[in-house]
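Quick notes on the structure that follows.
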Amino acid sequence: MGQVMLYVDGMNGVMAHNQTVQWLYSLIASRFRLVVKTALKLLLVFAEYVESNCLLLIRAVLTVDNAQGLPPWSNIMRLLKDYDTADTELLIYAMTLINRTLNGIPDQDTYYDQVDALEEQGMESVVQ
């Protein structure tokens, strides 16, 4: 029981501290595969924990990418477009994170804003 409480307290701490989510998202741009894989896995756990975390993840993505003058989801799109060097596992984690996040969005406007940002960066060609 103690470990479950620690997990819940830790997750609530992360949920209340968007800078941590921003940091994890920024790690997706790392050139070290293990760092990218771990960041994607942790973000997946975060997005799956409660549906409302999808909006917190989107806020983190917007903050990180806007600060660099990039469109939302640039780190993940860069990874997906560079599929020659990325391995299948990273691509699956990245796509799962995007799908999980999109599925958790409660309103259409936010949903379409995210889909449009992904489409503008070539998501359709990546999927094919």
* In the range 78-117, what count of residues is obtained for those that are open to solvent by less than 70 Å² (accessible area, probe 1.4 Å) and more than 20 Å from LYS41 (Cα to Cα)? -> 5
* Return the pairs, sorted by first residue and then second, in which the second residue is at pLDDT 85 or above and among the basic types (Lys, Arg), the first residue lies in the range 1-24 and is surrounded by 10 or more Cβ atoms within 10 Å (Cβ to Cβ), the beta carbons are less than 8 Å apart, and the residues are 6+ apart or on different chains. => ASN18/ARG59; VAL21/ARG59
* To do: Go through the range 75-128 and give me each residue that's among the hydrophobic types (A, V, I, L, M, F, W, C), modelled with pLDDT of 90 or more and closer than 22 Å to ARG33 by Cα.
  => ILE76, MET77, LEU79, LEU80, LEU90, LEU91, ILE92, ALA94, MET95, LEU97, ILE98, MET123
* Structure fact -> Checked the range 119-128 for anything surrounded by 13 or more Cβ atoms within 10 Å (Cβ to Cβ) and assigned to a helix (DSSP H, G or I); matches are MET123, VAL126
* Structure fact -> The helices (runs of 4 or more DSSP H) lying wholly within the range 8-118 that contain at least 2 residues that are within 25 Å of GLN128 (Cα to Cα), touching a helix residue (DSSP H, G or I) at 6+ places or on another chain (Cβ under 8 Å) and aliphatic (A, V, I, L, M) are 33-49, 53-67, 74-81, 88-103
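The values are calculated or read from the model by the stated rules, or taken from the named source; none is laboratory data. Here the structure is a predicted model, which is why all the values come from computation and not from measurement. Here the Cβ is made from the backbone with ideal geometry for all residues, glycine too, and neighbour counts use every protein chain on show. These accessible areas exclude ligands, DNA and RNA; they are computed on the full protein's heavy atoms, side chains included. Shrake-Rupley method; radii C 1.70, N 1.55, O 1.52, S 1.80 Å.
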